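Worksheet: one structure, shown below.
All of the numbers you see were taken from the coordinates with simple rules; none came from a lab. What you see is a predicted model; the values in this text were computed from it and never measured. Counting neighbours? That spans all protein chains shown, and the Cβs are built from the backbone with ideal geometry, glycine included.
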Amino acid sequence: MSQKTKKDRYHVITLPGDGIGPEVTTQAVRALEVAAKREGVAFQLEEIQGGGEHYLAHGVEWAEGSERRVAAADALLLGAVGADDPTTKRSVFTKPGKPYPTSELAGYALVIGNRKRLDLFVNHRPIRLLPGVRHKVSGKFMDIWEPGQVDYVVCRENTEDAYSGKTVEMKDGEGRVVGKTTAIEITRAATERVCRYAFALARERKKRGRPGKVTCVTKSNIIGAHKYFEDVYREVGKAEFPDIEQDTSLFDAFCMWQIRNPEWFDVVVAPNLVGDVISDNGSTTQGGMGMAAGGNIGDRHGMFEPIHGSAPKYRGQDKVNPMAAVLSAAMMSEWLAGQHGDERLRRVATRLEEAVAAVLLDAKTLTYDLGGEAACSAVGSAICEKIAK
Ligand code: IPM
Ligand code: MG
């Protein structure tokens, strides 16, 4: 890991994006600034607008030069991308050739593009249930899982698999288009890297009393490329991490086990699409997507984002839970602390996490998904008050 120098001001670019992205990012930034002030460290915040709404309005996903700007920042904080076209009511996709050869989700540059361009090889998604969170099932709030039973991390490979971006037409003998194929690509280099990250994380957690186990989740019984992922996982584990237990699970069954027995898992490693699905599914046990934070991490760059997406139907209503975004900002601060050897940033992260935990325990200012009636901004204010105390 590259050790960078300590700074007085860390340059963070926010990418609020679409839908509820700007609302939750606003609250995350507020909380981050209050916590930073208390620790005597500063963030120089800069915003870049972009995403599907931007594409609709301007014909480009973000302004020219944005790639260069995000590559120069110390860290990125992303809201969410994905907009609905007001006329068709369907997701906005880029037009072929503008700018990609095939049509992609408009906002691709900010999420998938950044992940690939900045080599953010792992998507680190903790699945952890915090005390005070109740589970909403069929509209009723229940205590289903217990905190302490839900505490694992999904390490999602973040640059390839079904996210190859390579979709081609299938043609019959007469040249008629009869279908489309999207390539599933798994390379040794990317797999080794994410597996090493997962094993090292399990070793770190083992020091803190966790079992020291990495579960590799794939569809290796059907997809050849996934079998390769699993083979590389075994090799890396055997050669470099003999102290860490290996465990494999097929993706379909895993979806059930992660709901029924989340306590079985410590660190999970998975190809990109599998990791995408199991992190959303696992969020059920942590109180829903409003609680699920994530970080796209590479050796030199980091981009942090709540995993929930843009939820266009709630856009502008000041209604959704900003906690996932605040917890993502905490992850960003923690990562920056490691990158720059700056303990103040680690304390900023702790302050943010403790404030969220305190608001949950108070149970007075919660959004609808957690059984409350508070607005997104009210939860942000409650978090800021806790930090200021
Ligand atoms: C995520 C999202 C993205 C993904 C979408 C918005 C392209 O679901 O970050 O998990 O599939 O990776
Ligand atoms: Mg997803």
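See the values below:
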item	result
Violating pairs (Cα-Cα greater than 26 angstrom) within the set K4/K116; K95/K180; K98/K219; K7/K364; K313/K389; K6/K37	K98/K219; K7/K364; K313/K389
Computed magnitude of the charge dipole of region 139-286 (debye, nearest 20; Cβ of K, R +1, Cβ of D, E -1)	220 debye
Computed lengthening from K364 to A71, 0.36 nm per intervening residue step minus Cα-Cα distance	101.4 nm
Interchain or long-range residues, amide H under 5 Å from T14's placed H	E46, E47, I48, L77
Sequence of F141, F251, F121, F93 once ranked by neighbouring C-beta atoms within 10 Å, starting from the fewest	F141, F93, F251, F121
Assigned charges on the beta-carbon of Lys, Arg, Asp, Glu; the chain dipole about Cα centre (debye)	480 debye
Burial ordering of H54, H340, fewest other beta-carbon atoms within 10 Å first	H340, H54
Under 18 Å from K140, Cα to Cα: aspartates and glutamates that are on another chain or at least 8 residues apart	D369, E373
Inter-part distance where region 45-59 and region 308-360 are each reduced to a Cα centre, Å	22 Å
Sequence-distant lysines (8 or more away, or on other chains) whose Cα lies within less than 16 Å of K136	none
Kyte-Doolittle at least -0.5, axis length at least 15 Å by Cα - qualifying DSSP helices, the chain	21-39, 272-283, 323-340, 343-362, 376-388
Protection-proxy order for peptides 125-138, 19-32, each taking the mean of Cβ atoms within 10 Å per residue, highest first	19-32, 125-138
Order of E53, E64, E263 under a 10 Å beta carbon neighbour criterion, fewest first	E64, E263, E53
Relative compactness, region 235-389, computed as alpha-carbon Rg over 2.2 N^0.38 Å	1.17
Candidate aspartates and glutamates for bridging to K166, where Cα separation is under 14 Å - those fewer than 8 sequence places away on the same chain excluded	E104, E185
